[in-house]
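Here the structure is laid out as structure tokens; the discussion comes afterwards.
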Amino acid sequence: MTSKTIANGILRAVFILTAIVLVGYFLFKIQSVLAYLAIAAVIALLGRPIVLFLRRKLKFPNLLAVILTMLLMLGVFIGILALFVPLITEQSKNLSLLDIDDLKANINTLYLQIVDYFGITTTNVSEIIEDSEIEKNVLEGMDLNFIPDFINSLVGVLSNFSVGLFSVLFISFFFLKDSKLFQNGILTFVPDNKEGNMVKSIDKINNLLSRYFGGILLQLFILFVIYTITLLIVGVENAIVIAFLCALFNIIPYVGPIIGGVLMITLTMTSNLGMDFSSVILPKALYVFIGLTVGQLVDNFFSQPFIFSNSVKSHPLEIFLIIIIAGLLFGVVGMVIAVPGYTAIKVVLKEFLSENSFVKKLTKNL
């Protein structure tokens, strides 16, 4: 091996590393655009069955079918948003006028009611947690002044929402209008002799993920109905909004249901402050907990097996491991995109490496 060969190898490695860094930096700078594309792709996948139904069953022209589908999906979005706007407006107003000392007193009252119900004293609790100083930090020194500031920051973030919404709708429209647009963009980077395999992969991925996201919507709807019925029976204010929000947390696998459950129980308890703890607050919290349990049992033994087995053609244990690994590597975002990403990878592997024994076993159900 000559010095010239070594030098050329080093230069090539440096060039490749530099190119990777530049591409990574470029993708980082346009991450908002990538997010718009990803959301638009999901919307297109969800709207695709509606467009096909309007075109094939009702004989609508393609453009009209796409417009009606977009209007339908936009109407659903506006309807969901309309549920939250009054609540957010009212809560924002309340938080802007929030009496921090009064809020501390309410939380302290709830704490004392819980302590009294279980037959212990604040002294016992203080002795147990004095090393961590939890009581001092939470009950005495808790600074809740961040809440109005947080609301102001949230308003600043939402000011950019209209731009993002317009971008997503604009991209989604063309993805639905020209179903090959996204495919042609990918084929630009694929060698000519592999285009056939990639086209088959994209079609398969579209079909699988359309069923998957449709299954997710069914899952959220079932949980929403169960949670709404539970909260209405218990008599919690804004039951529909709270049920929808808690059901929506189930998009995050495994962690989401816990967050949603804690949120629902907390809102139930705090909405009844001032009432008797043992006869009102605790029973209502227990009823909500039972409703949460029923919802999760239905979800775990019906919704999830249906989604994973019939849509993405993967075993629930296989999906569990993929979600955990993605969560460890990329956090919550990784958990959300783990199943669609894993499904796409499996389809591509089967199409391009179908003769590999490992790939055969991994993709035998596809």
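Starting from the Cα of Lys204, draw a straight line to each of the lysines and keep only those under 21 Å, dropping any in the same chain fewer than 8 residues away.
Partners within reach: Lys177, Lys180, Lys194, Lys313, Lys346, Lys350, Lys360, Lys361, Lys364.
Take Asp178, Asp192 and sort them by solvent-accessible surface of the protein heavy atoms, 1.4 Å probe, largest at the top.
Sorted by accessible area, descending: Asp192, Asp178.
For a protection proxy built on the mean count of beta-carbon atoms within 10 angstrom, sort 24-31, 336-343 highest first, please.
Details: 24-31: 9.9, 336-343: 19.0.
Top to bottom by mean Cβ count within 10 Å: 336-343, 24-31.
Using the Cα atoms as the points, what is the convex hull volume per residue of segment 163-267 in Å³?
Dividing the Cα hull volume of segment 163-267 by its residue count gives 145 Å³.
Write down Rg/Rh for segment 217-366, rounded to two decimals, with Rg from the C-alpha atoms and Rh from the Kirkwood relation over Cα pairs. Write down the numbers at each step before the final one.
Numbers: Rg = 19.2 Å, Rh = 17.1 Å.
Reported Rg/Rh, Kirkwood definition of Rh: 1.12.
How large is the Kirkwood hydrodynamic radius of segment 1-90, counting all unique pairs of alpha carbons, in Å?
Its Kirkwood hydrodynamic radius stands at 17.8 Å.
How about segment 187-248: which chymotrypsin sites (Phe, Trp or Tyr not before Pro) there lie in a loop by DSSP and see at most 16 other Cβ atoms within 10 Å?
Working: sites: Phe189, Tyr212, Phe213, Phe221, Phe224, Tyr227, Phe244; in loops: Phe189.
For chymotrypsin sites (Phe, Trp or Tyr not before Pro) across segment 187-248 that sit outside H, G, I, E and B with at most 16 neighbouring Cβ atoms in 10 Å, the list reads Phe189.
What percent do you get for the relative contact order of segment 286-344 when only Cα pairs under 8 Å and 6+ apart count?
Working: 26 pairs, mean separation 12.6, N = 59.
Once divided by the residue count of segment 286-344, the mean separation gives 21 percent.
Using the basic label-point model (7 angstrom from Cα toward the beta carbon), what is the Phe301 to Asn365 distance in nanometres?
For Phe301 paired with Asn365, the spin-label model returns 2.0 nm.
Report the gain in length on full extension from Phe221 to Leu321: 0.36 nm times residue separation, minus Cα-Cα distance, nm rounded to one decimal.
33.4 nm
Starting from the Cα of Gln183, step 7 Å along the direction of its Cβ; do the same at Leu27; then give the gap between the two resulting points in nm.
2.4 nm
If I stretch the segment between Leu83 and Val163 completely, what's the gain in nm (0.36 nm per residue apart, minus their alpha carbon distance), one decimal?
26.6 nm
Hey, what do the phi angles of segment 55-61 turn into as Karplus ³J(HN,Hα) couplings, whole Hz, using 6.51/-1.76/1.60 and θ = phi - 60°, x for Gly and Pro?
6, 8, 8, 9, 6, 7, x
With a cap of 13 neighbouring Cβ atoms within 10 Å, and only residues DSSP puts in a loop, list the GluC sites (Glu not before Pro) found in segment 299-366.
Here the GluC sites (Glu not before Pro) that fit, given the DSSP loop and packing criteria, are Glu355.
Report in % the part of the accessible area of segment 230-366 that belongs to carbon and sulfur, leaving out ligands and nucleic acids; probe 1.4 Å. Present the calculation step by step, with values, prior to reporting the outcome.
Values: 5380 of 7270 Å².
Heavy-atom surface of segment 230-366 belonging to carbon and sulfur, 1.4 Å probe: 74 percent.
The values are calculated or read from the model by the stated rules, or taken from the named source; none is laboratory data. This structure is a prediction, so every number in the text was calculated from the model and none was measured. Here Cβ is always computed from backbone atoms with ideal geometry, including for glycine, and neighbour counts include all displayed protein chains. What goes into the accessible areas is simple: the full protein's heavy atoms, side chains included, and nothing from ligands, DNA or RNA. Shrake-Rupley method; radii C 1.70, N 1.55, O 1.52, S 1.80 Å.
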